[in-house]
Structure formats: structure tokens, C-alpha cells
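The values are calculated or read from the model by the stated rules, or taken from the named source; none is laboratory data. Given the structure is predicted, the values throughout are model-derived calculations rather than measurements. Virtual Cβ from ideal backbone geometry, glycine too; neighbours counted across all protein chains shown. With ligands, DNA and RNA removed, areas are computed over all heavy atoms of the protein, side chains included. Shrake-Rupley method; radii C 1.70, N 1.55, O 1.52, S 1.80 Å.
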Amino acid sequence: MTSAVTGLVLAMGAAIPLPDADPLGYPLPAWILRALAYLTLTLHLSAMQFTVGGALILLWARFRQGPGYAEAARFLGSGLPLGVSYLVTLGIPPLLFVQVLYGQMFYSSSVLLGAYWIQVIPVLILAYAGFYYHKLRRDRAPSVQGAVVAISVLLLLYIGYIYVSNLTLLMSPEKWGGMYAAAPAGNVLHHHEPTLHGRYLLFLASSFGVAGLALIWRGVFLARWGHAEQAGQ
């Protein structure tokens, strides 16, 4: 095994036979594949954190009164569909690298959570549609926009929980046999993993920083373009 993570997994579940990630060998040195995986994952997480954090800040701004809140909410609402498109596009490369580097484990954990894993695409489409609906209809039907954005955010958070469950289960092969015996239909998430909720909240907390940075950049560019009054809002 060339991956440090694979070695750790094997040490944790030494009694479980696991094949090499690729019997024919990697097409490139493993360190190059891992570096590309980290790079593409960083880009994907940036788009994801802007979208989730921006949507949460948008919901908060809708219930606040004062200068600048409406402008910030409009900016974030316009960027949410673009954020989803980027998080989907930039999410494909790291997912493929995970399959190359840790495919024998990722495939197993995905099957064990299969009933939830298969929901990711349709749930994502619904969230994407909700953000687009908000952008196109926010002036015509303002009364329902808070509910539309809230539902879309909940859908994205649900997808994130499925992903964290899958990737933590990937590293716990000693649990696979028991989980499959208890739920062969793949309808149980990895709830009992002690680090699951901490990992999930860590990604969620950082989303406010990324979305806040986007708001700061908005102000900087508006000031540079001669709209200092809007930049301060």
C-alpha cells in the first residue's frame, strides 16, 4: 500500500483482507495523485463553503434591519447558483482521486450507505433548483424566499452529512461486517463514529469565514470601482 491512509486503515482492521487500490499499479507516483487530490479538494471545499455559508448568512440578513443587509443578501442570493455549479464541477476531480487512491475502501463504504449515497444527486438537483428559483423570483414572490433558501440549505447540509458518514466509514473497515449484517440494504448512516459530528461541524463553521471573505472582497472591488458608498454597506 502506498498511501499513509491505507496503511492506517490496514492497521486498524488488520484481520480484514483488503486488495491493493489498483492491481495494475497507479498511472503516476502516489504522491502526485495525493497532491492533486488535496489541490482539487481545496477548490471544491472553497466553493462548498461559500455556498453553504453564503446561504446561511443570507437567511440571517433577511431578518435583520439596517443599511447594507439587503445589498449583502442580494449579492449572496445571486451567487448561490454559481456556487453550486462550481462545487459540483470542482467536486468531481477529488472524488475521482479518492476512487483511485482508496477505491477498495471507498467502494465498500459507499455500498454500506448505498440507500443514502444514491440520494446525493437528486437531492443536489433540488437544492440547485431552489437557489435558482430564489435568484429568478425573489422580487416577484418575496414572501416565500426565506423558506426556499432554508430548504435548499437543509438539503446541502444533508448531503454533507452523508459524505462525512461515508468518508469516516471508509477508514473503519473493522465495522463493515457488523454494519452489513445489521443493515444489508444500506440504510444506516455512520452515526456512532465519535469524530463524525466534530468533523461535520468543523467544515460547517469554516463556511462562514469563506462567505464572509467573499463579502469583504465585494466591498473592496466596489470601492476600487468608485462605489465607495455601496462598499461600506
Q. Residues that are under 20 Å from the mean Cα position of the chain (by Cα) and buried (at least 19 other Cβ atoms within 10 Å of the Cβ): which helices (runs of 4 or more DSSP H) entirely in the stretch 106-212 hold 2 or more of them?
A. 120-137, 145-170
Q: For residue 69, state whether it is open to solvent by less than 70 Å² (accessible area, probe 1.4 Å), without any contact (Cβ under 8 Å) to a residue 24 or more places away in the chain and not β-branched (Val, Ile, Thr).
A: yes
Q: Considering only residues that are farther than 14 Å from residue 98 by Cα and at pLDDT below 90, look in the stretch 28-51 and name the one that is least open to solvent (accessible area, probe 1.4 Å).
A: 29
Q) Of all residues in the stretch 72-86, which are open to solvent by 20 Å² or more (accessible area, probe 1.4 Å), within 20 Å of the chain's Cα centre (by Cα) and within 14 Å of residue 211 (Cβ to Cβ)? A) 78, 82, 86
Q. Which residues, taken from the stretch 61-71, are closer than 18 Å to residue 209 by Cα and at pLDDT 80 or above?
A. 61
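I'd like the full set of residues that are in contact with a Lys or Arg (Cβ under 9 Å, 6 or more places away or on another chain), aliphatic (A, V, I, L, M) and within 15 Å of residue 73 (Cα to Cα), limited to the stretch 145-175.
Result: 148, 149.
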Q) List the pairs whose first member sits in the stretch 135-164 and is within 21 Å of residue 189 (Cβ to Cβ), whose second member is open to solvent by 40 Å² or more (accessible area, probe 1.4 Å), and whose Cβ atoms are under 6 Å apart, counting only residues at least 6 apart or on separate chains? A) 155/126; 162/116; 164/199; 164/200
Q) Any idea how many residues of the stretch 213-227 are closer than 19 Å to residue 50 by Cβ, exposed (fewer than 11 other Cβ atoms within 10 Å of the Cβ) and of a type outside the set (A, V, I, L, M, F, W, C)? A) 0
